Amino acid sequence: MCSILFLGTAGARVTVFKQIMASGGLWVEASGAPILIDPGPGSLVQITKRKLDPAKLHGIILTHRHLDHSADVNTMIEAMAEGGFKKRGILLCPADALDDDPVVLRYVRDYVEEIRILKPYTDYQFGELKVTSGPRHIHPVESYGLIFHTAAGKVALVTDTRYFPELAKEYRCDYMIVNVVLMKPREGVDHLSIPEAAQLIGAARPKKAIITHFGMTVWRAKPWELAQRLSEETGVPVVAARDGMRFIPGEQEAEEPKR
């Protein structure tokens, strides 16, 4: 069984830096081998709040180097390695997260067992969980979506990107998690909007889609109501993620805390 815990659903400067929603990333666990995806600001706080143990992590993945996805990566590497005393885990990230202006500090790199470079269309193994990267997204920095191969089917994580028509083909999976920052497309802003999410979900037709990573305009429009509208428009069940929601692929409904 695989489970995906949303440690935060914030996805733009205002929602992240005012902590209107949390920004801790995703805790993905399969067969007792958890990995952490995109530990943004406050990831460690969200993890300890939910009584999860960073020392049990098998790896950390950055889909890209922007701070809402990577601000806590050094903290989480140290926590995974118990302060650096127990070398542990895999760090998977794009090359530009390590290069001239790195978000991963050099001294913590010795704390992980292996650093792998996230590249397009590549398979990576974390315990029994296979993770496949998608194409390079249209974004100011290197950015790649992910596909998790679970016993209940494939789960796509469509991280930050400008919309392009091939997205639906690239991420046609049983389940889909989509980062939706904008209410409407905005010139020069390489993020998905609600109408583009409708296009993507309607074309890919997963069994279920979850929208997350909300900007302020989406939050003000009540994501749970937008999800209902997307369900009606696409014919695909769509859920708006909430901080602390746990999704288990194959279950009828996503587990969602009360509002």
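The values are calculated or read from the model by the stated rules, or taken from the named source; none is laboratory data. All of these numbers come straight from a predicted model, not from anything done at the bench. A quick note on method: Cβ atoms are made from the backbone with ideal geometry, for glycine too, and the neighbour counts reach across all protein chains shown.
Summed over the range 1-22, the residues that are surrounded by fewer than 24 Cβ atoms within 10 Å (Cβ to Cβ), touching a helix residue (DSSP H, G or I) at 6+ places or on another chain (Cβ under 8 Å) and assigned to a loop (DSSP other than H, G, I, E, B) give a count of 4.
Comparison of PRO185, PRO135, PRO165, PRO140 shows that the only residue that is over 17 Å from ILE4 (Cβ atoms) and in a strand (DSSP E or B) is PRO135. On the given criteria, is ILE20 touching a residue at least 12 places away in the same chain (Cβ under 8 Å), in contact with a strand residue (DSSP E or B) (Cβ under 6 Å, 6 or more places away or on another chain) and among the aliphatic types (A, V, I, L, M)? So ILE20 does not fit the description; no. LEU67 passes every criterion in (1) without any contact (Cβ under 8 Å) to a residue 12 or more places away in the chain; (2) within 14 Å of the chain's Cα centre (by Cα) apart from (1). Only a single item in (1) outside any strand (DSSP E or B); (2) at pLDDT 95 or above; (3) not β-branched (Val, Ile, Thr) is not met by LYS154, and it is number (1). Which of the residues that make up the range 168-182 are more than 21 Å from MET1 (Cα to Cα), surrounded by fewer than 21 Cβ atoms within 10 Å (Cβ to Cβ) and in contact with a Gly (Cβ under 7 Å, 6 or more places away or on another chain)? Across the range 168-182, the qualifying residue is only GLU170.
Within the range 80-95, does at least one residue satisfy the condition of being part of a strand (DSSP E or B), hydrophobic (A, V, I, L, M, F, W, C) and surrounded by fewer than 22 Cβ atoms within 10 Å (Cβ to Cβ)? Taking every residue of the range 80-95 in turn, at least one turns out to be part of a strand (DSSP E or B), hydrophobic (A, V, I, L, M, F, W, C) and surrounded by fewer than 22 Cβ atoms within 10 Å (Cβ to Cβ). Scanning the range 198-243 for residues that are part of a loop (DSSP other than H, G, I, E, B) and out of contact with any Leu (no Cβ under 8 Å at 6 or more places or on another chain) yields ARG205, PRO206, LYS207, HIS213, ALA221, LYS222, GLY235, PRO237, ALA241, ARG242. Consider the range 135-154 and keep the residues that are touching a Pro at 6+ places or on another chain (Cβ under 7 Å) and crowded, with 18+ Cβ neighbours inside 10 Å. The one that is nearest to HIS58 (Cα to Cα) is THR150. Scanning the range 197-223 for residues that are farther than 19 Å from VAL155 by Cα and either among the β-branched types (Val, Ile, Thr) or surrounded by fewer than 21 Cβ atoms within 10 Å (Cβ to Cβ) (or both) turns up MET216, THR217, VAL218, TRP219, ARG220, ALA221, LYS222.
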